[in-house]
Amino acid sequence: MTFRKALVASVMTLLVATTAAAQQQTGEIYGRAAAKSGAVLPGVTVTIEGPALIAPRVSVTSETGSYRAPELPIGTYSVTFKLPGFRTMVM
């Protein structure tokens with residue numbers, strides 16, 4: 001193997017190892033907000049808080065009541081659901 005080929009192979013190996021080391025494990029929180037009657041609840045403000053986050057993650061449920069918070073660092077979170085006219089829930 002020539003010096004140039006060996007150098008290219010070494011650099012490629014280093015790049016792959018650096019990329020693998022930089023990856024973190026993440027998870028996601030998702031679901032659907034619904035009333036006791038089963039009716040979906042669009043427009044619910046969903047706030048996710050935890051020690052692994054720098055700032056809370058806030059989203060609003062879609063017209064089907066769905067919400068999703070992707071790429072959360074592994075950890076423990078509290079999730080708060082707020083909608084005018086309904087009791088605020090914390091899980």
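Every number in this text was worked out from the coordinates using simple rules, so none of it is lab data. Everything numeric here is computed off the predicted structure, so don't read it as measured data. Note that we place each Cβ from the backbone using ideal geometry, even for glycine, and neighbour counts take in every protein chain shown.
Going through the stretch 37-90 one residue at a time, which ones are among the small types (G, A, S) and within 28 Å of Q24 (Cα to Cα)?
Within the stretch 37-90, G50, A52, A55, S59, S66, A69, G75, S78 meet the criteria.
What number goes with the only condition from (1) surrounded by 12 or more Cβ atoms within 10 Å (Cβ to Cβ); (2) part of a loop (DSSP other than H, G, I, E, B) that P84 does not pass?
Condition not satisfied by P84: (1).
When both residues are 6+ apart or on different chains and their Cβ atoms are under 9 Å apart, which pairs have a first residue that lies in the stretch 38-58 and is charged (D, E, K, R), and a second that is loosely packed, with under 12 Cβ neighbours inside 10 Å and not in a strand (DSSP E or B)?
Short answer, once both residue conditions are applied: E49/A55.
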